[in-house]
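J.: Dumping the structure here so I can ask a few things about it.
The values are calculated or read from the model by the stated rules, or taken from the named source; none is laboratory data. Quantities reported herein were computed from a predicted structural model and do not represent experimental measurements. FYI the Cβ positions are ideal-geometry reconstructions off the backbone, even for glycines, and counts take in every protein chain you see.
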């Protein structure tokens, strides 16, 4: 059953569905503040953190607010189950895993399962789908959380086996700062484009914020701010908002400056992006 990927109540704890993502092909998926799990059933090529990745049947993707995934191509029979969840549920699920797990998902967001793991995952998914669609007991929310926790703990255990080879050293406080930074970007990006503002809100120095984003995400705070701005511009373009209105709402000096900023980051002008979006 194909459902509307974007038809999601952001106040809901969970949103589960199956889709072929045809309507979202070559478009940035709007994750927002939610955390998104994809359970892939066919081949696809995806842009994650500006790097191209190939999905195969059985892969799992965990997408957070800063990822901005773009599906570039997919097989004809492509489909995926997805689950969006609120921050509250996300924290509840991930409080049981190691801090290393959280950083691992930033650096290696795609989980490639073995044949045995794929079989176990299929059973797990079928039970979860039944629970989500058919069970309405008072403890429904907690049971779903428990199912996700069981999956994450299994994955976490596998990560800890290989982590010495990856030299990842996660700090729980740093990951908390990153999520707070992401939330601030969502609510303040229209008015504030400077690193100092966000560092002050986080009660840390710009240098320390840069140290965290560089270590965990291989990005500077400014590049993350710019990416969020690009998403806001794209959002305005896709709903046919006049460019001058977009520039004013995002506090650019003028439309020309915003257009140059957009082209520098996307290699196309806002008008070219709009024409391409309307054509596709």
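J.: Do the conditions hold for residue 266, that is, is it surrounded by fewer than 18 Cβ atoms within 10 Å (Cβ to Cβ), modelled with pLDDT under 90 and in contact with a helix residue (DSSP H, G or I) (Cβ under 7 Å, 6 or more places away or on another chain)?
T.: Considered against the rule, which asks whether it is surrounded by fewer than 18 Cβ atoms within 10 Å (Cβ to Cβ), modelled with pLDDT under 90 and in contact with a helix residue (DSSP H, G or I) (Cβ under 7 Å, 6 or more places away or on another chain), residue 266 comes out as yes.
J.: Before we move on, is residue 50 at pLDDT 65 or above and either at negative phi or surrounded by fewer than 16 Cβ atoms within 10 Å (Cβ to Cβ) (or both)?
T.: In short, yes.
J.: Separate question: Condition first: under 20 Å from residue 109 (Cβ atoms) and in contact with a helix residue (DSSP H, G or I) (Cβ under 7 Å, 6 or more places away or on another chain). Now tell me which residues in segment 190-220 satisfy that.
T.: 212, 213, 216, 217, 219, 220
J.: So, restricting to helices (runs of 4 or more DSSP H) that lie completely within segment 169-227, which ones have at least 2 residues that are touching a residue at least 24 places away in the same chain (Cβ under 8 Å), within 25 Å of residue 258 (Cα to Cα) and within 19 Å of the chain's Cα centre (by Cα)?
T.: Hits in segment 169-227: 172-188.
J.: Return the total of residues in segment 68-90 being at pLDDT below 75 and touching a helix residue (DSSP H, G or I) at 6+ places or on another chain (Cβ under 9 Å).
T.: Number of matching residues: 2.
J.: Taking segment 250-280, which residues are over 20 Å from residue 23 (Cα atoms) and more than 24 Å from the chain's Cα centre (by Cα)?
T.: Correct list: 251, 252, 253, 254, 255, 256, 257, 258, 259, 260, 269, 271.
J.: Turning to a different aspect of this structure: What pairs come up if the first residue lies in segment 113-138 and is assigned by TED's automatic domain parsing to the domain that holds residue 61 and under 15 Å from residue 60 (Cβ atoms), the second is modelled with pLDDT under 80 and part of a helix (DSSP H, G or I), and their beta carbons are under 7 Å apart, counting only those six or more places apart or on different chains?
T.: From residues that are assigned by TED's automatic domain parsing to the domain that holds residue 61 and under 15 Å from residue 60 (Cβ atoms), the pairs are 113/121; 124/151.
J.: Quickly run through segment 70-96 and pick out the residues that are surrounded by 20 or more Cβ atoms within 10 Å (Cβ to Cβ) and assigned to a loop (DSSP other than H, G, I, E, B).
T.: Across segment 70-96, the qualifying residue is only 78.
J.: For residues that are surrounded by fewer than 17 Cβ atoms within 10 Å (Cβ to Cβ) and farther than 20 Å from residue 63 by Cβ, scanning just segment 216-243, find the one that is modelled with the lowest pLDDT.
T.: For segment 216-243, the residue satisfying everything is 239.
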